[in-house]
Amino acid sequence: MIKKRLVNLYARVSTEDQNVNQQILFLKRWAGQNGYCINKIIKDVESGLTPLVERKKFKKILEYSKESKTDIVIYNLDRLTRNWEDVVFIEKFFRDNWDDCKLISTGDEINLSNANGRFMFRVRMAVCCLMPEDMREKQRIGIERARKEGKYKGRKPGSKNKV
């Protein structure tokens, strides 16, 4: 009999307004369909701009997965981070621990054990990092234009959005 591989599910949303449970339901179905046994489920509500080293739940799942030799399953790579310094950290952690603890993304093929796999991981993560930077850049341009036209007077008091 083949022993099923244990996995830890990690789901993250950026704001309290988003629902992390839909990711969990998807990950549970995916694990079952792919022959994995679920060991732990971690739900995280942290901005992708928060560095990984400051995300307590993510650090906890990394430490636990390394100790228990269980893989981590995520919905998509952009659920981890959109910050390049974090990409370097993630790649190093999983390269150093690849035999015992792999990163599995349901939306991306990841293999950090070889040069081509690392290259594809880096390209995919570069795209993930580009998106928020590009959006902020366009937002700044739009705000500057609106200011010049007298249509923008700044954020509303109490607003949490940063430009």
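Bear in mind these aren't lab numbers, they're just calculated from the coordinates by the rules spelled out. Predicted model, so just to flag it, every value in this text is computed and none were measured. In this analysis, Cβ positions are derived from the backbone assuming ideal geometry, glycine residues included, and neighbour counts consider all displayed protein chains.
By a straight-distance test (C-alpha under 20 Å), which aspartates and glutamates pair with residue 102 as possible cross-link partners, with residues fewer than eight away in the same chain excluded?
By straight Cα distance, residue 102 reaches 44, 63, 67, 71, 78, 85, 86, 91.
Of 26, 105, 68, whose Cα points farthest to the positive end of the dipole of the chain (charges on the beta-carbon: +1 Lys, Arg; -1 Asp, Glu; origin at the Cα centre)?
Selected residue: 26.
From zero up to wherever the largest Cα-Cα distance of the stretch 49-102 sits, split into 5 Å bins and tell me the percent of pairs in each.
4, 20, 31, 30, 13, 2
Hey, if you put +1 on the Cβ of every Lys and Arg and -1 on every Asp and Glu Cβ in the stretch 6-144, which of 37, 88, 77 ends up farthest toward the positive end of that dipole?
The Cα lying farthest towards the positive end belongs to 37.
Suppose every K and R has +1 on its Cβ and every D and E has -1 on its Cβ; what is the size of the dipole of the stretch 1-87 about the Cα centre, in Debye to the nearest 20? Provide the component values of the computation, followed by the final result.
Numbers: 17 positive and 11 negative charges, 113 e Å.
Here the stretch 1-87 has a charge dipole of around 540 debye.
Which aspartates and glutamates, if any, have their Cα less than 20 Å from the Cα of residue 151, not counting same-chain residues under 8 positions apart?
Result set, ordered by chain and number: 137.
Sticking with the crude label model, points 7 Å out along Cα→Cβ, report the distance from residue 143 to residue 92 in nm, one decimal please.
According to this spin-label approximation, the distance is 3.2 nm.
If you take the Cα Rg of the chain and divide it by 2.2 N^0.38 Å, with N the number of residues, what do you get? Write down the numbers at each step before the final one.
Working: Rg = 18.5 Å, N = 163, 2.2 N^0.38 = 15.2 Å.
So the chain has a normalised radius of gyration of 1.21.
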